[in-house]
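Q: Below: one structure in structure tokens.
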Amino acid sequence: MAEKEDILSGLANAEYSEGFTTDIEQEFFPKGLNEDIVRAISERKNEPAWMLEFRLNAFRKWQAMEMPSWGHLTIPPIDFQDIIYFAAPKPPKKREEVDPELVKTFDKLGIPLHERDALSGVAVDAVFDSVSVKTTFQKTLAEKGIIFCPFSEAVQNHPELVRKYLAKVVPPGDNYFAALNSAVFSDGSFCYIPKGVRCPMELSSYFRINARNIGQFERTLIVADEGSYVSYLEGCTAPMRDENQLHAAIVEIIVEKDAEVKYSTVQNWYPGDKQGRGGIFNFVTKRGLCRGENSRLFWTQVETGSAITWKYPSTILRGDGSLSEFYSVALTNNYQQADTGTKMVHIGKNTVSRIVSKGISAGQSQNSYRGLVKVAAGASGVRNHSQCDSLLIGDKCGAHTFPVIECANGGAILEHEATTSKISDEQLFYLRQRGISEEDAVALIVGGYASDVLKRLPMEFAIEARRLLSVNLEGSVG
Amino acid sequence: MDRLTIGKGITRSETLLLRGGESRAWDITVCSGASLSLVIIALPGGVGKIDCDIAVQFEGEGGECQLKGLYLAGGSSNVNIKVNIVHNWPNCISRQLFKGIVAERARTLFFGLIMVPEKCIGTEAYQENHNLLLSDECIAQSLPQLEIYADDVKCSHGATFGRLGDEELFYMRSRGIPLDEARRLQMVAFAGEVLEGLPEETVSEALTALEMLV
């Protein structure tokens, strides 16, 4: 009941509530992208020579690449020389303190930067524009041997680990935006769970874009060593602006033997206004490697924000008997566009994957599922099931499904199914005649449609996700 | 490219037999109230590649189009089947069922696009693609695609990849049916859905070809 009231109250103030800006003194690098900027970022972070070399190498690769155009997306030209690649709040006078303005900002977003008892279940790494401003519970986690810190700190304190795992899943030349990110990435989270350790709390990264004209290039690296377990959450928001801003991230996950990683995202970047002005371009490369035997990786994502979303959280199932699941809800409204899905590459024997994707398009939006299930020749006993459903609300939106299934082994069993439909008049009528308004009825039906995915999210996230779904559907019916 | 128009209200059945090295491209228009049933059978043998390209569009409301296909690929053959159905009129129906048996070092590709432009409501479009893989050297690909710009539609696609069932084989073998025969029977059952209702000579040619893959 409380949850339903939450939905209703959410509907009442359906504006993008995270769209405020924080007025804080910040320092910026000049606009534009060249080798000097790459060097300046590296120098600013006091990085070792190998890291700079890595960036420059990626930058040269990026220069030789062209922006891909295969997505079912209409992307206005992006001027990469018109973006600020580094912006950071001025460092506080005392080292250990966080600017109260920032604390207020994150409080407003519901992200506590204090280690309060009530929320001790979640450790947060908060990233503001190009830098991480605070990582909570580092000490508590360190007692168990867990490393959870901003990426730039990891480069200083654990260079051997970073070097060992960086770019092992997403090489710098993987794709256009991965190369760009590898050259100019500023901050993100690094997480290492040692052998046999079960992480006692949820870890989370929260990304906030604040400054105008900046691009955010986060880099997250999660390593789960043998037999360990971690649940990781990611959230993101940005102010409302009429111009588009670029967010190009890389998330790499390495799962060793018998380890398990859950990665959940609630993506709530500013989606642009009702006329399609502004919003974030969210071009992200997320990939996990199930390296060891019986390793497990679970992706859960709720995508409600961004003007354009272009991402495919993928898993390479290399260890024998490894398992990966991808659960996704992608909602687009007004003029939003999404081209998202997953890739499951089965290399190990007896590997199993499951894909459940629920797309909802409303307004004039375009929502595509694009996926790949690939079985290598040596991978016997592979099992995959994919289910992609699309829901259309209104007659001006589009819902598309572009799966690719490739099988090179006679022992595999793969299934793919996809359906497209609209909210049935009968369902609506049933709810309407019980006195539920049309909008609430749609929110209820969509909530039910997406519940397969929502129920896999950690509790706080599930409530937030439900609220976002109903808020973002506002005005899409009638 | 062959053109085929099914005139208003006409019901028509066609069978298309492709042997190794043959290629066909058909551009089909189904007029209002017309109904087409097309069966495509790609047989192994010969050298080179089989390319089959089918494009279907509608001309008026209430058209119906049923496509069935069976592709048998062995040796190092290469079979490409492309189906492109554009539901450019409201209230039309299309049904597709494509089944493939892929053996030895063969490569097959099934590409099927269902496209429903804006305002083409009342569309029903279904597509199924099933692949039976008999070896570890073959490669089968399936790209079932849906592109939908109208809301009041019913569209679905499904694709599966699998092997001969061990339990079914065991059942038959425990009743004295030799392994090869048991395998053949399963394959016949798999292909049956496409073959039923076809002229006898076509069926027997398909079954003979199927035997080559056992």
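Q: If you project the alpha carbons of the stretch A:317-366 onto the principal axes, what extent comes out on each, in Å, largest first?
A: 44, 13, 8
Q: Compute, for the protein assembly as shown, the length of the dipole vector about the Cα centre, with Cβ point charges of +1 (Lys, Arg) and -1 (Asp, Glu) only. Units Debye, rounded to 20.
A: 1140
Q: What do you get for Rg/Rh over chain A if you use C-alpha atoms and the Kirkwood form of Rh?
A: My calculation puts Rg/Rh at 0.95.
Q: At A:LYS195 and B:GLU124, where each label point lies 7 Å from the Cα along Cα→Cβ, what is the point-to-point distance in nanometres?
A: Each label point is offset 7 Å from its Cα along the Cβ direction, giving 6.1 nm.
Q: Provide, as a two-decimal number, the C-alpha radius of gyration of the stretch A:334-415 over 2.2 N^0.38 Å, N being how many residues it has.
A: That works out to 1.30 for the stretch A:334-415.
Q: Let me ask another. Give the separation of the Cα centroids, the stretch B:29-63 to the stretch A:270-324, in Å.
A: 38
Q: What percent do you get for the relative contact order of chain B when only Cα pairs under 8 Å and 6+ apart count? Can you show the working numbers first?
A: Working: 562 pairs, mean separation 31.6, N = 214.
Relative contact order here is 15 percent.
Q: Where the only charges are on Cβ atoms (+1 Lys, Arg; -1 Asp, Glu), what is the dipole of the stretch A:211-362 about its Cα centre, to the nearest 20 debye?
A: 320
Q: Taking every pair of alpha-carbon atoms in the stretch A:189-283, what share in percent sits in each 5 Å bin, from 0 to the bin with the longest distance?
A: Using 5 Å bins, I get a P(r) of 3, 12, 22, 18, 13, 11, 9, 6, 4, 1, 0 for the stretch A:189-283.
Q: Okay, moving on. Rounded to the nearest 500 deg cm²/dmol, what is the calculated helix-only ellipticity per residue at 222 nm for the protein assembly as shown, with -39500 (n - 2.57) per DSSP H run of length n ≥ 4?
A: Counting only the DSSP helices, I get -6500 deg cm²/dmol.
Q: Another question, then. Expressed as a rounded percentage, what relative contact order does the stretch A:24-428 have, with Cα pairs under 8 Å and six or more residues apart?
A: Dividing the mean separation by the residue count of the stretch A:24-428 yields 10 percent.
Q: Okay, moving on. Test of understanding: express the Cα radius of gyration of the stretch B:40-100 as a ratio to 2.2 N^0.38 Å, with N the residue count.
A: Dividing the Cα radius of gyration by 2.2 N^0.38 Å gives 1.36.
Q: Another question about this same structure. Hey, got the dipole for the stretch A:207-292? About the Cα centre, +1 on K and R Cβ, -1 on D and E Cβ, debye to the nearest 20?
A: Magnitude of the dipole: close to 380 debye.
Q: Same structure, new question: For chain A, build the charge dipole from Cβ charges (+1 Lys, Arg; -1 Asp, Glu) around the Cα centre, then report which of A:ASN472, A:VAL266, A:PHE298 sits farthest towards its positive end.
A: A:PHE298
Q: Something else now. Give me the distance in nm between label points sitting 7 Å out from Cα along the Cα-to-Cβ direction at B:THR5 and B:SER37, one decimal.
A: 2.5
Q: In addition: Pairs of Cα atoms under 8 Å, at least six residues apart: use those to get the relative contact order of the stretch B:1-103, whole percent.
A: Details: 287 pairs, mean separation 27.4, N = 103.
Relative contact order of the stretch B:1-103: 27 percent.
Q: Output the pairs from A:LYS45/A:LYS108; A:LYS274/A:LYS343; A:LYS286/A:LYS374; A:LYS195/A:LYS311 with a Cα-Cα distance over 25 Å in this structure; if there are none, say none.
A: Violating the 25 Å limit, Cα to Cα: A:LYS45/A:LYS108; A:LYS274/A:LYS343; A:LYS195/A:LYS311.
Q: Could I ask something else about it? Run through all the Cα pairs of the stretch B:2-164 and give the fraction in each 10 Å bin from 0, expressed as whole percent.
A: Each 10 Å bin holds this share of Cα pairs: 11, 40, 31, 15, 3.
Q: How high is the FRET efficiency from A:ASN213 to A:LYS396, r the C-beta distance, R0 30 Å, rounded to 0.05?
A: Working: r = 32 Å, r/R0 = 1.06.
Taking R0 as 30 Å, the efficiency between A:ASN213 and A:LYS396 is 0.40.
Values quoted throughout were computed directly from the atomic coordinates according to the rules given, and no laboratory measurement underlies them. Because the structure is predicted, anything quoted here is derived from the model rather than measured. In this analysis, Cβ positions are derived from the backbone assuming ideal geometry, glycine residues included, and neighbour counts consider all displayed protein chains.
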